[in-house]
Each structure stands twice: as structure tokens, then as C-alpha cells.
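Inspection log for the structure reproduced underneath, given as C-alpha cells.
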Amino acid sequence: MTARIVGTGSSVPVHKVTNEDLSRVVETNDEWISSRTGIKERRIAGEESTVSMSVSAAKKALEDAGTDPQDLDLIIVATCSPDYFFPNTACCVQEAVGAVNAVAFDLSAACSGFLFGLNTIQAYMKAGIYKKALLIGAETMSKLIDWEDRGTCVLFGDGAGAAVIQAEETGMIDMVQYSDGQQGPVLTCKARETSNFLFPNEQKADHIYMEGQPVFKFAVKKVPECIKALLDKTGTSKEEIKYYVLHQANSRIIDSVAKRMKEPEEKFPMNLHFYGNTSAASIPILLDEMNRKGMLEKGDKIILSGFGAGLTWGASLLEW
Ligand code: ACO
């Protein structure tokens, strides 16, 4: 058996922040942000949280799939911006949707989180361990951002996307995934410092730190490489692929991947103009939009590819 996506959902905060709005917060402008990243606006959480957006996306995905939450046997939430160290976000979702029979845990792989979650579910389903899963990518990146750092605060946004996945005869075909901890320092966000009665430490909130150019170079090199590795591994030709659904970090990264692969830009759908980089949420939000617009038909072959902090990256080939 293999993992098949049978329903999708997404949820973003109501509050919209345009590039123009940001130019009143830091020294930046729409021209710089648009030309360097493609981003025009992003959603920023106020009332919303990682749990509330996860629950809202999950309910929509369950409805789209026609799945009774009690039939779920697994919930994974991919996030690097949870509301709590514990309980994990997935247990909060389990409680909110009434998925009383599911085991629930979070997975941390930054912007590759949804993809790594999908591959984890695939492994469980292939092994016959679980049959019906809910996978969510959810982030409140706005709470990790240094709002005085114009180099990073313009890039990210908040949101959540979800997919109901079930074990079927057809669905995921294969995947590749990689990590390189040696390059980890180019993109970081520190958690709490060690602090106790023996070694007290003043806690100060830390924020996202990013060296933009090494991250850019990593993405434009590794994404085409891993997609090629996946095509070769599965004996699939580029012509068979209808869409490449890439992590929505930056339109220049996506354009460059298309160019390096000699594939038309139309095969690389994007919505980052409206949401910025929502980390683990970006692939499932885009997938949900494509699903609801009727862009995906049964039997279509698509490749999902995630890349981000860790460094982590990978790709999955699916039949819709
Ligand atoms: N507005 C105006 N000017 C700015 C801004 C801004 N928001 N940010 C930086 N600048 C300035 C810099 O200070 C610098 O000025 P200087 O030349 O006077 O020093 C100049 O613009 C150029 O800065 P660079 O950092 O060299 O700009 P670059 O062309 O590399 O673009 C960017 C920066 C957009 C971050 C690019 O490196 C990039 O896209 N990197 C990949 C980032 C990314 O996508 N990360 C996430 C992927 S992984 C994940 O999702 C977790």
C-alpha cells in the first residue's frame, strides 16, 4: 500500500501586511522586496496561533476528504513555530477535531517539514502500520522574526495547510530526502538557553538569523539535483510531470530551478506573492489552492519539493 492524498485544507490569518505596510516599519520598499523575492504581501497572526490555524486547516481537509476524525490513526504536524514545547501541536489538533483513535506528534524540519512528514507517513503506510493520517504544516513565523531586521522580516508569513492521506494501491510513487547539518549555521533560530539554579542565564528572545546568499545558492543547486535523482530513481521523464509544487520561499529560486531543469515556468505554480514564505505550511497551502481550483486530476503526476533550515531538502513523486 502507498500514501494517497484524498483531501486538502488551508487556513491563513485575516490580517494582510503589504510591502508598503512594511516600508513603514523598516527601511525597505515594494520595488526591492518584489524584485528580489516576488513577495507582495503576507498574512500575520493576531488572534490566530499555530494550533488554531492547524485546527482550521485540518477541519477543511477532513471535510474535503469526507473523513470521520475517529477513523484517523495518525496525526503529524510539521512546525518550527509551535505554541508550546509540550503538549505537541498534533495532540492539540487531535483534541480539537475529536480524533480519539489517532497517535499524534510533531515533526521539525523547518521548510521541509511537510515533505518529510509526507515521507514519514508513506513509510508507515508501506509497512502497513497506519491506514489514515492527517498531515499538517503550520507556522507562526511572525513570532520568530526580528521586526527590525529588514533582511529577514520581509520574507516570511503565517499560515497552515493540511492533507488527509490514506493507504491505497496508488498514490506516492517514491521520494528522496537529505540533510546537511554542517551547513546548519546559515539559517537558525535558537530556542531557550540552558538556565538553571547552578548555571543561571538571562533569557533573551532569539530570532531568525539567515545568510541569504548561501541559502539561495543551496536551494537553486540542491532542488534540481534532488528532483533529477527522483526522476532517475523512478524511471520517470520530465514530460510525465504535470506540476512541480515547490516550497514557496522566493520566486527567483523557483524561476532558477525551472531554468536549470529546462522546464516551462507554467509547471511551477506559485502563490508566494500573497503569503510570503510560510515555511512548512507553504507546500500544503499551495496544494490546497490547486486542488480547490480543479488544477489536479486523478492520475496526474506531480512532484513536491521542500528545502530549508537544517539544512534539509527532498522531493516526492505522487500520483494524484
Ligand atoms: N529592503 C531594502 N534593502 C534591503 C533589504 C530590504 N528588505 N534587505 C536587505 N537589503 C539590502 C542589504 O542591506 C544590502 O545593502 P548593501 O549592499 O548596502 O549592504 C542589499 O540590499 C543587498 O543585500 P543582499 O542580502 O546581498 O541581497 P540579495 O540580493 O542576496 O537578496 C535575499 C537577499 C532576498 C534574502 C536573497 O539572498 C535570498 O532570496 N535568499 C534566499 C532566502 C530564502 O529564500 N530563505 C528561505 C529559504 S529556506 C527557508 O524557507 C527556511
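The values are calculated or read from the model by the stated rules, or taken from the named source; none is laboratory data. As the structure is a computational prediction, the values presented were derived from the model and not from experiment. FYI the Cβ positions are ideal-geometry reconstructions off the backbone, even for glycines, and counts take in every protein chain you see. Just the protein is used for accessible areas: all its heavy atoms, side chains included, with ligands, DNA and RNA removed. Shrake-Rupley method; radii C 1.70, N 1.55, O 1.52, S 1.80 Å.
For the range 37-141, GluC sites (Glu not before Pro) are listed when DSSP marks them as loop and at most 14 other Cβ atoms sit within 10 Å of their Cβ; the list is E47.
Note that the range 174-319 presents 50 Å² accessible area per residue, ligands and nucleic acids not counted, probe 1.4 Å. Taken one residue at a time, the phi angles of the range 198-208 give Karplus couplings (6.51, -1.76, 1.60, θ = phi - 60°) of 7, 10, x, 9, 5, 7, 10, 4, 9, 10, 5 Hz. Gly and Pro are set to x.
The value given for the range 112-221 is a Kirkwood hydrodynamic radius of 17.4 Å, derived from the mean inverse Cα-Cα separation.
A simple spin-label model places the labels of A229 and R24 4.7 nm from each other, with each point 7 Å out along Cα-to-Cβ.
Here's the list of lysines a cross-link from K60 could span, going by alpha-carbon distance under 30 Å and ignoring same-chain residues fewer than 8 apart: K16, K40, K126, K131, K132, K143, K242, K267, K293, K298, K301. Please identify which residues in the range 149-172 have an amide N closer than 11 Å to a label point set 7 Å out from the Cα of T236, following the Cα→Cβ vector. Hits in the range 149-172 for T236 at 11 Å: 171-172. Here the accessible area is traced with a 1.4 Å probe on the protein chains. For the chain, carbon and sulfur cover 51 percent of it. With N counted as the residues of the chain, its alpha-carbon radius of gyration over 2.2 N^0.38 Å works out to 0.95. When you restrict to C-alpha pairs under 8 Å that are six or more residues apart and normalise by the size of the chain, the relative contact order lands at 26 percent. In the assembled protein chains, M210 presents an accessible area of approximately 50 Å² (probe radius 1.4 Å). A Cβ-based charge dipole, computed about the Cα centre of the range 61-136 with Lys and Arg at +1 and Asp and Glu at -1, lands at about 320 debye.
Per residue, the solvent-accessible area of the range 2-169 (1.4 Å probe, heavy atoms of protein chains only, all protein chains present) comes to 40 Å².
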